[in-house]
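Step one of this worksheet: look at the structure below.
Nothing in this text is a laboratory measurement; each read-out follows from the coordinates by a stated rule. Keep in mind it's a predicted model, so treat the numbers as computed, not measured. Note: ideal-geometry Cβ built from the backbone for every residue, glycine included; neighbour counts use all protein chains shown.
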């Protein structure tokens with residue numbers, strides 16, 4: 001029966017179709033035919049079983065009802081019609097006590113293809129070969145996985161395809177756990193697909209999309225963490241050090257301070273950097289939650305006394321205006337500067353901060369999960385006008401407050417290179433001399 005298949009496939013689709021591994025997983029760029037190709041494999045498998053007088057069962061688990069219908073109507077039905085086989089898709093209840101409906105195609109000898117939305121209940125409802133379509137976007141992917149694997153344990157096959165959607169799901173583990181050699185892995189970005197014959201104008205697509213983050217994720221197959229998070233976990237990992245974040249390790253060198261001031265439930269964060277050679281070592285990170293402004297100022301005063309602070313930048317936006325005024329009165333306008341947060345200043349600070357992480361010019365505490373999450377929380381998005389903005393989800397651990405405090409401290413260090421400074425009661429010195437001897 002397979003010889004009746006005249007579907008034209010590109011080379012990357014042929015490689016996926018011809019791979020007969022029991023477990024295989026693929027990460028394909030958007031609109032490159034991953035569902036189309038996998039449903040063709042399913043149809044051919046059913047027809048081959050029918051030709052042998054046998055029957056086979058396949059279940060397609062999609063991210064939602066619409067996607068399940070697309071897999072049947074634009075995949076299974078199209079393939080059967082192309083082979084001259086009449087196809088009727090039936091809608092049947094998944095279970096009597098649920099509102100979930102399944103779509104089914106039943107072959108003359110009893111082979112069956114079923115498509116329905118994925119959740120832990122639907123995953124455990126069958127004993128069959130399984131196709132997980134766009135698995136990275138399934139809600140509760142780990143729970144679905146735990147429910148699913150016993151279903152296919154008796155020799156059934158498993159097909160998993162998706163575009164990437166961050167590192168927090170089971171699909172990411174399947175694609176990146178290379179020590180697990182039971183899985184056959186395929187990866188096709190837009191460049192490979194076009195090289196294999198897919199007729200697409202890459203530059204036209206990229207310009208038309210006008211969103212570099214979406215392009216990176218959906219066409220270049222970069223994990224969402226790398227595509228939209230301003231500081232990837234790889235960058236964060238690269239600057240962690242067990243001796244950072246310990247005030248007792250302070251060696252008396254010039255320091256630079258950034259202070260992000262809380263608005264209601266967010267954190268006030270004071271970040272202290274010590275310049276050692278050409279590296280900025282984090283000496284202390286102070287987090288204050290729901291703390292009165294006068295107590296926040298007391299903590300800043302303590303930092304200014306304890307360290308040789310050459311320059312300090314405070315968030316001057318909103319309620320920070322009074323804090324800047326008071327801090328400048330006590331420590332001088334040369335040492336304390338206010339920074340108004342807006343699109344331009346945030347972009348400048350974020351760029352400066354990312355460069356420091358990329359160039360490994362900063363050291364941060366190792367293994368601090370709240371700090372890691374905070375640094376990774378900041379995302380760059382592009383608005384309808386093309387103007388980049390930085391956003392961060394707010395939760396009990398903050399609103400990227402630590403990140404902005406860090407960037408403010410780095411900005412203070414950068415600006416100090418250009419301006420004469422006065423530290424404590426020492427005689428005036430210019431910041432050009434700060435790195436002498438390192």
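Overview of results
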{"quantity": "Simple spin-label estimate for residue 233 and residue 246 in nanometres, 7 Å along Cα-Cβ", "calculated": "2.6 nm"}
{"quantity": "Which of 79, 241 has the fewest Cβ neighbours within 10 Å, and the rest in rising order", "calculated": "241, 79"}
{"quantity": "Which of 58, 271, 156 has the fewest Cβ neighbours within 10 Å, and the rest in rising order", "calculated": "156, 58, 271"}
{"quantity": "Backbone N under 20 Å from the residue 18 label point (7 Å along Cα→Cβ), restricted to segment 177-218", "calculated": "184-189, 192-199"}
{"quantity": "Length-normalised contact order of segment 2-224 in % [C-alpha pairs under 8 Å, at least 6 apart]", "calculated": "27 percent"}
{"quantity": "DSSP bridge pairs, the chain: antiparallel proportion in percent, nearest 5", "calculated": "45 percent"}
{"quantity": "Modelled FRET efficiency - R0 60 Å, residue 352 with residue 11, Cβ distances, 0.05 increments", "calculated": "0.85"}
{"quantity": "Difference of contour (0.36 nm per residue) and Cα-Cα distance, residue 74 to residue 381", "calculated": "107.2 nm"}
{"quantity": "Candidates 256, 149, 171: whichever shows maximal mean-square fluctuation once the chain is modelled as a Gaussian network with Cα springs under 10 Å", "calculated": "149"}
{"quantity": "Listed values [x] 28.6, 95; [y] 27.8, 101; [z] 21.9, 69, entry calculated as Rg and Dmax of the Cα atoms in Å", "calculated": "[x]"}
{"quantity": "Relative contact order for the chain, counting Cα pairs under 8 Å that sit 6 or more residues apart, in percent", "calculated": "14 percent"}
{"quantity": "Ascending count of other beta-carbon atoms within 10 Å, so fewest first, for 290, 57", "calculated": "290, 57"}
{"quantity": "Selected from 154, 29, 400 as most flexible by GNM, with the chain as the system and alpha-carbon contacts under 10 Å", "calculated": "154"}
{"quantity": "Principal-axis tilt of helix 401-416 within the chain, Cα atoms, nearest 10 degrees", "calculated": "50 degrees"}
{"quantity": "Selected from 348, 313, 81 as most flexible by GNM, with the chain as the system and alpha-carbon contacts under 10 Å", "calculated": "81"}
{"quantity": "Calculated FRET efficiency for the pair residue 321/residue 290, C-beta based, R₀ 22 Å, to 0.05", "calculated": "0.65"}
